[in-house]
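**Student:** Got a structure here, written out as structure tokens. Questions coming.
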Amino acid sequence: MSAGPDITEFLERAARGDSAAVDALIPRIYASLRQLARRQRVREGAHTLETTALVHEAYLTLARQNGVTFSDRAHLYAYMSRVMRHILIDHARRKNAQKRQSSEMTAGEARSEFVDVLALDEALNKLAALDQRLGRVAELRLFAELSSREIAEITGVNARTVERDWLKARTFLSGCLMSDR
Amino acid sequence: MIVDFAQRWHEIEPLLDRLFDVPAAERTDWLRGQCEAATLRALVTQALDNAPDIEMLERGVAQWLPALADDLPDTLPSVSGYRVLRFVGAGGMASVFEAERELPGGSQTVALKLLRIDVHDPDERRRFLREQRILARLQHPHIAQLLDAGFTSAGTPFLALEFVSGDNLIAHCERRGLGARERLALFIDVCAAVEHAHRNLIVHRDLKPGNVLVSADGCVKLVDFGIAKLLTGEGEETRTEARRLTRTYAAPEQLAGGAATTAIDVYALGVLLAELLGGVRPLRADDRAIDAAVVDHDTVDRAGVDTRAFDDATLRRKLGPDLHAIVCQATQLDPIRRYATAAALRDDIERHLEGKPLRARADTFSYRVLTFAKRHALAVAAGAASTAILVGATTVSLHETHLAHRAAQNVRAQALVAEAEAQRADAVKSFLEGLFESASPGTKTSETAEELLARGRERADRDFAMQPALRVEILALVGDLERRSGHPDRAQQPLEAAAALAKAQFGATDRRTLHVEYLIAKEADELGRVRDATSRLQSAVEAFDSGPNRGSQEEVQALAWLAGLNERIGESAKAIDVGANALALARRVLPNDSNALTEAILNLGWIFTDAGHADRAEPLLREALARKRSQLGARHADVADVMTILSWALNRRGRYGQSEQLMRDALDIDASAYTRPHPHVTWHLNDLANVLALEGKLGEASAFYAKSIALDRALAPAAALTEAVSLGNLARIRFSQGAYAEAEVGFRDAIERKQRLLGADYGDNGRNYDRACLAEILIERGRFDEARMLVDEALAEARRRHRDAHPDIAFALTVEARLMAALGNREAAAVRAGEAVATYTALADRGSDKATRARLLFGEILQSLDRDDEAKPQFESALAAARAIEPNAAALIVRAATDLARVDDSLGDKAAAHRLRAEAEASLAGIPSEQSTERDAAIRLVADASARTKL
């Protein structure tokens, strides 16, 4: 899988906030993620998906293949979180379409222990419309597993504010998810 | 009606900004006060900390990834020896597959767990396999059996477990719509399984609904026992483990990277119980952290606000009072305050189901300090002490035990193998000892020591699995160190394991077995299980005595402790007999500088004092004090504790001056020995106040009680019991000052507090004395019916508790005599007072304050019946005792002298009467000039006497 030569341009446009550019990036990054996941799985014979590692590794692959350099490493994670969100939404949509008939037994987690990605996406959109910074913090926290300090770097506020933002965002999301039920 | 949260965000947001400054537990109340719009309030409340989605939102992307990966073209792993059939599920630590393995009898279906770690280092691999062997020994009907473990060709560790097909506990109950009793029945099985594992020294570490499965036929099976531990190496940061844990169920100390003890499983069980019964989840740790940051942390700790995992109001509402209390006790943030064992938790649930009163107390506080204070409670209750204090502080030093063992080994010239084993034991012991000695209790270091102890326990099981003698020793040592560092609750598990192992390996006649039993008795004693401890240690001693190993240090220790226990349950004669035997044995077989010998001396001294034989106690206690000073140095904290016991004996002998000086010295030692508020200091303050009260320095005594109470409050809630004791003592001062109404209120408050704190144990801890005291107050207030009821109960209880003559019985009799006299029934009063005096006589008590007053009362009653001849010896004896008191007990002398003068007068000995009146008059000046009923009475008596002379 080789990314086209235009990826740097897409990334730069994305950096300026061009959502079409983000959409264009998704298939490439997604492919990269899938490939990584698959490789890891074969190697270890298990689902060894350490999120952060995965996101980071996917970025490194992309960056290596395309000679991308970022002055601010943290910004890339911001994109990756956006990408991850889209990937999960795609996945959830496809899943919904296939709708399995039987609930599978899981020894690890019960099904009810998952937030519905699609409902969450909707709530996140509402949140971003009301308060862009809160939406941003929530996305970074949810999909890139960034620490408050890292998020603070990206959003330009201090870590304590990020903590508070997240509590607020979390309450908002929880409130929306609840009224969806 | 579903209201769109987003639509009202403009109202919600400003509210949240202020709300997050309010501690999580208070948010619901805060909202009620600040937000009048009901819909808005409901919206915010339901979205807050306990909302079901919060936990999932916190988990972030990790929750969806397994499903995402599951969609990728499947490559089932290949594990040699197994046929992997299908992917079953994935959790935070492992992926699970259903697989079959071929066995001689046919094929077996197993759950194959592939762990999310790679293990390539050979040492790590060995560790993994060793742990796995320990886990494989864990067999219980409610635990999914570990069948096999190993590594795939890729190096991924795997475990093969008994395959359980079913729902998790919560889902099972929901799906079948089970009621509370049925849910609790299942939960009891869960506890039983955890209990079993704990007995085998295995901590689950990751209990949560997903790990508690219920098969189709309703059988509970716990999975993944101890597997969390496999994921962390010894050198690896425990943080890693914390990251992998499901945060909701993880105990705070676990998330903080603390040692994995059984207490973390108890916590998780509590959370599970709350979810199972009420769908309630704990407040999030980060919310608590924010609360703590908002409120100054010390304040939070002191006030005990931040000690709960749940939003209390919600929990109480959903679970009802009993189960609320149970969950609270299990999920205390401070592990010491939780149920000591899963068994204790299960026991309370069973009590709840049977409608019995719970052991969980709404007002939970450190059980350790409670029981320590409990034992001290009576020692500090003026004059009525009938409980051991500080016997626990006089343990044989480990260093000495270690030397003695080594000497014993030389003598017995054990086989080389045993020798080598013992040397390793010595090495490990020195390690642990060093650890313990270097860490003074309550400091930061001791936290580390606790972790290391937990590790030591694990190592005992793992590294010494094949060396039983060593394992017994290490387990016993770890248990004892846990107790000594203030965790008798945690001591139980290793000690019981050591006892079982010792009995099986060495038999009941071995000194090692007896030693473990002795340690168990100490632990049970500290936890308040006095009667159990007595009978168990008694049987252990008997079993030991039937063997060939009599006359060892272990026997001395066990006997001395058994003696103390007998005194505690009211068997004074037996206690003295056993204690004297222990001491004789100690003097015969132990070296003169032995600490165990000192312990035996101190122990017998304490028993004598408690049983009312202060005269016999004093020389022993002085010897013990001298020994402690030479062994530990003159300013060691233990020396101050021995001084306290001696001071108590001196009080009983009327040596108030010496006693007061001793307590002042003890407090001086405390000032340099303790760097922060410490319970012993509050006891010592109380003891000083007691002496001052006896000396009639009521104002100064009040001041020291007040100091003690202030310190108790600084130590709250741990010092709640000593606070109650001090409040009672303060009320008795008010009584002496003639403020009877105030005395009654204060003393009732003290009794109420003790009742609440001690529960059923109050009976063993001075309830009869307290009732007699209250009756005494009520007599002065003219409330004879109430007084009568109380004193009758007190007397009956004192007699029931003490087979032999005892100061408590004598005191209750004295109060009853006073009541009869107040009611005008002088004949009955004379009988009671006579019995009281006879009891003191049987105890050979001639000098104590209470005995002297009993004699005076008896004489005065006799005199009122015109039995002057009989009254005279009582007055003479009382006067002699009052004169012997140092410093001068002026008020008592005035009373005894004027009493005797009256008798002499009516018997015709005018000269003697005159001399006595002069003595009384001269003594008057010696009474401290402050408000006291005794002083008023003395002035009145002297005035009467001089009026009589003039006649």
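The values are calculated or read from the model by the stated rules, or taken from the named source; none is laboratory data. What you are looking at is a predicted structure, and each value in this text was computed from that prediction instead of being measured. Quick reminder, even Gly has a Cβ in these numbers, built from the backbone with ideal geometry, and neighbours come from all protein chains shown. Each accessible area value is taken on the protein alone, full model and side chains, heavy atoms only, with ligands, DNA and RNA left out. Shrake-Rupley method; radii C 1.70, N 1.55, O 1.52, S 1.80 Å.
**Student:** Quick one: accessible area per residue over region B:694-748, 1.4 Å probe, rounded to a whole number of Å²?
**Tutor:** Per residue, region B:694-748 has 33 Å² of solvent-accessible surface.
**Student:** Before we go on, tell me the buried accessible area for the B/A pair, both chains summed, 1.4 Å probe, in Å² to the nearest 100.
**Tutor:** Approximately 5900 Å², summed over both chains.
**Student:** Let me ask something else about it. Any idea what diffusion coefficient region B:616-659 gets from Stokes-Einstein, in µm²/s, Kirkwood Rh on alpha carbon pairs, 25 °C, 0.890 mPa s?
**Tutor:** 235
**Student:** Then there's this: For region B:638-790, what % of the accessible area comes from carbon and sulfur atoms, probe 1.4 Å?
**Tutor:** The C+S portion of the solvent-accessible surface of region B:638-790 is 52 percent.
**Student:** Continuing with the same structure: Might you report the magnitude of the Cβ-based charge dipole of region B:539-668 about its Cα centre, with Lys and Arg at +1 and Asp and Glu at -1, to the nearest 20 debye?
**Tutor:** Using Cβ point charges on Lys, Arg, Asp and Glu, region B:539-668 gives about 380 debye.
**Student:** Turning to a different aspect of this structure: Given H placed 1.01 Å from N in the peptide plane, which residues other than close sequence neighbours of B:Leu85 have an amide H under 5 Å from its amide H?
**Tutor:** Those qualifying (amide H under 5 Å, at least 5 residues apart or on another chain) are B:Glu98, B:Ala99, B:Glu100.
**Student:** Averaged per residue, what accessible area in Å² does region B:769-820 show with a 1.4 Å probe, protein chains only?
**Tutor:** 36
**Student:** From the mean inverse distance of alpha carbon pairs (Kirkwood) and the Cα radius of gyration, derive Rg over Rh for region A:124-168.
**Tutor:** 0.93
**Student:** Taking a threshold of 27 Å on the Cα-Cα distance, which of the pairs B:Lys113/B:Lys208; B:Lys628/B:Lys850; B:Lys113/B:Lys221; B:Lys574/B:Lys872; B:Lys850/B:Lys872 fall above it?
**Tutor:** B:Lys628/B:Lys850; B:Lys574/B:Lys872
**Student:** Suppose the chain between B:Ala703 and B:Ser107 were pulled fully straight at 0.36 nm per residue; how much longer would it get relative to their current alpha carbon spacing?
**Tutor:** 206.6 nm
**Student:** Next question. Quick one: Debye curve from the C-alpha atoms of region B:681-809, no solvent, what's log10 I(q)/I(0) at q = 0.09, 0.17, 0.20 Å⁻¹?
**Tutor:** Reported log10 I(q)/I(0), two decimals: -0.26, -0.93, -1.21.
**Student:** Taking the Cα-to-Cβ direction at B:Gln931 and at B:Met789 and moving 7 Å from each Cα, how far apart do the two end points lie in nm?
**Tutor:** 3.1
**Student:** For region B:739-846, divide the Cα radius of gyration by the Kirkwood radius and give the resulting Rg/Rh value with two decimals.
**Tutor:** The Rg/Rh ratio comes out at 0.98.
**Student:** How large is Rg over Rh for region B:838-907, taking Rg from the Cα atoms and Rh as the Kirkwood inverse mean of 1/r across Cα pairs?
**Tutor:** Here Rg/Rh amounts to 0.96.
**Student:** In nm, what is the difference between 0.36 nm times the number of residues separating B:Ala828 and B:Ala216 and their Cα-Cα distance?
**Tutor:** 213.0 nm
**Student:** Over the heavy atoms of B:Met56, what accessible area does a 1.4 Å probe trace out, to the nearest 10 Å²?
**Tutor:** Approximately 20 Å² for this residue.
**Student:** Right, another one. Could you give the nm distance between label points at B:Asp545 and B:Arg125, where each point is 7 Å from its Cα heading toward the beta carbon?
**Tutor:** Going from the B:Asp545 label point to the B:Arg125 one covers 5.8 nm.
**Student:** What distance in nm separates the two pseudo spin-label positions at B:Glu182 and B:Ala842, each 7 Å out from Cα along the beta-carbon direction?
**Tutor:** Taking the two extended label points, one gets 6.1 nm.
**Student:** What average count of beta carbons from other chains do you get within 10 Å of the Cβ of residues in B:6-15?
**Tutor:** Counting other chains' Cβ atoms within 10 Å and averaging over B:6-15 gives 4.
**Student:** Which FRET efficiency value, to the nearest 0.05, is calculated for B:Arg635 and B:Leu85 with the Förster distance at 45 angstrom and r the Cβ-Cβ distance?
**Tutor:** Efficiency, rounded to the nearest 0.05: 0.05.
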